[in-house]
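The values are calculated or read from the model by the stated rules, or taken from the named source; none is laboratory data. Keep in mind that this is a model prediction, so the values were computed, not measured. Methodologically, a virtual Cβ is constructed for each residue, glycine included, from the backbone with ideal geometry; neighbour enumeration extends over all protein chains shown. To get the accessible areas, we keep the full protein, side chains included, count just its heavy atoms, and leave off ligands, DNA and RNA. Shrake-Rupley method; radii C 1.70, N 1.55, O 1.52, S 1.80 Å.
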Amino acid sequence: MSTLGSFIWSIADQLRGPYRPNQYGNVILPFTILRRLDCILEPDRATVRELAAMYENPNRLKVEVKKVTGRSFYNTSNYSFANLLKDADGLADNLVDYIERFSADVDVFEYFDFKKEILALEKAELLREIVTSFGAIDLHPDVVSNSDMGDAFEYIIRKFNEAANETSGDHYTPRDAIRLLVDLLFAEKDVDLTEGGIIRSLYDPTAGTGGMLSLAEEHLLAQNPEAKLILFGQEYNPQSYAICKSDLLAKGHDATNIAFGNTLTDDVFKGRHFDFCMSNPPYGVDWKQYAKAVKKERDSAGPYGRFAPGLPAISDGQMLFLLHLAHKMRPVEDGGGRVGIVMNGSPLFNGAAESGSSNIRRWLLENDLVEAIVALPTNMFFNTGIATYIWILDNTKHPNRQGKVQLIDGTSFWTKMRKNLGSKNREISDDDRVKIMRLYADFEDADPDLSKVLRNDDFGYWTITVERPLLDEDGNPVVDRKGNPKPDSKKRDTENVPFTYGGSTAGAAGKREVIQTYFDAEVKPHVPDAWVDWAKTKTGYEIPFTRHFYRYTPPRPLVEIDADLEKQVAKILDLLREVEQ
């Protein structure tokens, strides 16, 4: 996976004893970040110290440093890894001085409680060894590319989580899945993105360590070196936030665009919209602890708020992120936006008609925002083997795609890995990715066994309530004051009627006619005294992905089955004879 990550993690062996395995990350991660920044700052360290002596005002100093070094961050300490060990007795104090003298935008060490960790290492007589080990690694970007550094961070975090035995719904997104997501996200805009000097914005509300943001930028720059992608992200895990921010600092991005906090309860970028949005939110994680804040925002924000279309089941909050991203797309009048989000299978179909989840799907489909859904192979993630799907949303669909949704079965496009990484034993190779993208590009001409293009209305249905009369002791219907038969609640039933029943293309507008046709053909012949309670009719939407790609496999011929049974019976009889003898 990551040779560098494995090497850095091996330094953790020095922590054995005073530290438990699940505490290694508290030391390894901030030291890795510090050494990375240290290597970047080293060439200009003397110049920055001179500037710091000339300009006391931090804002002025930042401007002057930027002019000279091209970087927005700096450190004015007299210490660095190059001289920390020269004062063995003052090592802890000098190291604290070093991290305190970073510019204000380098707040990442606060999220590790690093000063406390330094004192703990000194008390355990391990500080000198750790500083020596990290000082021996050259992590300058000229030696370790940003991509390799990202791999190393994710390797270390994965090992840290394994040691901590964490089983939350947070799933670090493997690079092969991100590459496919990025290709799909930029697919319809690839031509636009080749314009010289183009500037676009990309936002990830569950930024993690920034892997998605980094790969998206690499993808764009590979096609158009003159392009500029302004990256925005929010992350609620302190360590992941610190890594993401330091990674973007190292690349020269505006670090203020990376915010710490919970996107669901505190949208730091409220009112902002973006050209592209992407996310891999936690799956199957309840949002009970945020429910009060989320419901309060929904009630106060009104019909145009981000959660207005509906709230999903409290047991799974991933559709809240789906709504959040749909809300963050740049408005149509400003050029529109696209969203790519990875989720498990439940948002496709969970919840009955007019439940929160169904209403969210209804809102997305009736507003023609869902462009494509791609099923990924199973066993793609490091800590789960469940089925996952990439949803692509677009509020300015290509005319050919308007009113339609493309479903792509990408489950067969994978290559077995030589070595398992947790639950991950499959990866999407470059060839696999090209094949999936070909299906996407071919749209209605794609292989029908692997791609389906359906109308938005194809996912709609009505849940109707079928009543039967309450009978008295003589078997006569009981009626109300108006003479209408009273329903027997024990015989009440519901039926789901697709919008498309009987070949209807009228969509929701065909409600009365389609339901009556269905009732007359499917219900009335079997229960002539039944009727539809129209007041209880509900509208629902579901995306039965696997049903659309179901392939019938005929059972084996009876002759073959009989022959197998006879063989097994013969074996059993032989065994019984052996027992008798």
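Summary of computed values
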{"read-out": "Check on Glu495, open to solvent by less than 80 Å² (accessible area, probe 1.4 Å), of a type in the set (Asp, Glu) and under 32 Å from the mean Cα position of the chain (by Cα)", "value": "no"}
{"read-out": "Restricting region 11-26 to residues that are closer than 20 Å to Asp151 by Cβ and under 28 Å from the mean Cα position of the chain (by Cα), the residue that is most open to solvent (accessible area, probe 1.4 Å)", "value": "Tyr24"}
{"read-out": "So Thr537, is it among the hydroxyl-bearing types (Ser, Thr, Tyr) and within 30 Å of Pro448 (Cα to Cα)", "value": "no"}
{"read-out": "Verdict on Arg556 being basic (Lys, Arg) and either more than 21 Å from Asp458 (Cα to Cα) or without any contact (Cβ under 8 Å) to a residue 24 or more places away in the chain (or both)", "value": "yes"}
{"read-out": "Any hit, region 32-54, residues being open to solvent by 70 Å² or more (accessible area, probe 1.4 Å) and among the polar types (S, T, N, Q)", "value": "no"}
{"read-out": "Count of residues meeting criterion [open to solvent by 10 Å² or more (accessible area, probe 1.4 Å) and over 18 Å from Val374 (Cα atoms)] in region 330-346", "value": "6"}
{"read-out": "Tabulated pairs, region 466-484, first on the phi < 0 side of the Ramachandran plot, second open to solvent by 70 Å² or more (accessible area, probe 1.4 Å) and part of a strand (DSSP E or B), C-beta under 6 angstrom, 6+ apart or interchain", "value": "Val466/Asp493; Pro469/Pro477"}
{"read-out": "Per-region count, region 190-216, residues open to solvent by less than 10 Å² (accessible area, probe 1.4 Å), part of a loop (DSSP other than H, G, I, E, B) and modelled with pLDDT of 90 or more", "value": "2"}
{"read-out": "Residue tally, condition among the aliphatic types (A, V, I, L, M) and open to solvent by 30 Å² or more (accessible area, probe 1.4 Å), over region 62-95", "value": "5"}
{"read-out": "Residue ranges of helices (runs of 4 or more DSSP H) in region 4-121 with at least 2 members among the aromatic types (Phe, Trp, Tyr) and touching a residue at least 40 places away in the same chain (Cβ under 8 Å)", "value": "24-41"}
{"read-out": "Selection from region 374-402 of residues that are touching a residue at least 24 places away in the same chain (Cβ under 8 Å) and over 27 Å from Asn420 (Cα atoms)", "value": "Ile392, Leu393, Asp394, Asn395, Thr396, Lys397, His398, Asn400, Arg401, Gln402"}
{"read-out": "Leading residue by the ranking (nearest to Gly197 (Cα to Cα)) among those in region 218-255 that are small (Gly, Ala, Ser) and open to solvent by less than 60 Å² (accessible area, probe 1.4 Å)", "value": "Ala227"}
{"read-out": "Sole exception among (1) open to solvent by 60 Å² or more (accessible area, probe 1.4 Å); (2) farther than 30 Å from Asn344 by Cα; (3) part of a helix (DSSP H, G or I) for Pro525, by number", "value": "(3)"}
{"read-out": "Of all residues in region 398-432 being at pLDDT below 95 and basic (Lys, Arg), the one that is least open to solvent (accessible area, probe 1.4 Å)", "value": "Lys424"}
{"read-out": "Matching strands (runs of 3 or more DSSP E) fully within region 406-469 where at least 2 residues are over 16 Å from Ile392 (Cα atoms) and aliphatic (A, V, I, L, M)", "value": "415-421, 460-467"}
{"read-out": "Qualifying residue in region 547-558 (condition: within 30 Å of Val453 (Cα to Cα), at pLDDT 95 or above and not aliphatic (A, V, I, L, M))", "value": "no"}
{"read-out": "Selection within region 498-511 - in a helix (DSSP H, G or I) and exposed (fewer than 13 other Cβ atoms within 10 Å of the Cβ)", "value": "Gly502, Gly503, Ala509"}
{"read-out": "Residue satisfying condition, being surrounded by 14 or more Cβ atoms within 10 Å (Cβ to Cβ), over 42 Å from the mean Cα position of the chain (by Cα) and not small (Gly, Ala, Ser), within set Pro487, Pro557", "value": "Pro487"}
{"read-out": "Enumeration of residues in region 104-116 that are surrounded by fewer than 20 Cβ atoms within 10 Å (Cβ to Cβ) and either touching a helix residue (DSSP H, G or I) at 6+ places or on another chain (Cβ under 6 Å) or basic (Lys, Arg) (or both)", "value": "Asp105, Tyr111, Lys115, Lys116"}
{"read-out": "Of all residues making up region 256-290, the number that are open to solvent by 20 Å² or more (accessible area, probe 1.4 Å) and part of a strand (DSSP E or B)", "value": "1"}
{"read-out": "Answer from Leu91, Leu85, Leu95 - the residue that is closer than 18 Å to Ser133 by Cβ, of a type in the set (A, V, I, L, M) and touching a Gly at 6+ places or on another chain (Cβ under 8 Å)", "value": "Leu85"}
{"read-out": "Residue satisfying all of: in region 361-387; among the aliphatic types (A, V, I, L, M) and farther than 18 Å from Gly460 by Cβ; surrounded by the fewest Cβ atoms within 10 Å (Cβ to Cβ) among these", "value": "Ile386"}
{"read-out": "Restricting region 174-189 to residues that are closer than 26 Å to Asp148 by Cα and acidic (Asp, Glu), the residue that is modelled with the lowest pLDDT", "value": "Asp176"}
{"read-out": "Hits in region 347-360 (condition: crowded, with 20+ Cβ neighbours inside 10 Å and either aliphatic (A, V, I, L, M) or part of a helix (DSSP H, G or I) (or both))", "value": "Pro347, Leu348, Ala353, Ser357, Ser358, Asn359, Ile360"}
{"read-out": "Boolean, Thr517 is closer than 24 Å to Trp363 by Cα, touching a residue at least 12 places away in the same chain (Cβ under 8 Å) and either part of a loop (DSSP other than H, G, I, E, B) or among the hydroxyl-bearing types (Ser, Thr, Tyr) (or both)", "value": "no"}
{"read-out": "Given (1) open to solvent by 10 Å² or more (accessible area, probe 1.4 Å); (2) within 27 Å of Ala216 (Cα to Cα); (3) not in a loop (DSSP other than H, G, I, E, B), index of the condition Gly302 fails", "value": "(2)"}
{"read-out": "Search result, residues across region 437-470 that are small (Gly, Ala, Ser), over 24 Å from the mean Cα position of the chain (by Cα) and crowded, with 20+ Cβ neighbours inside 10 Å", "value": "Gly460"}
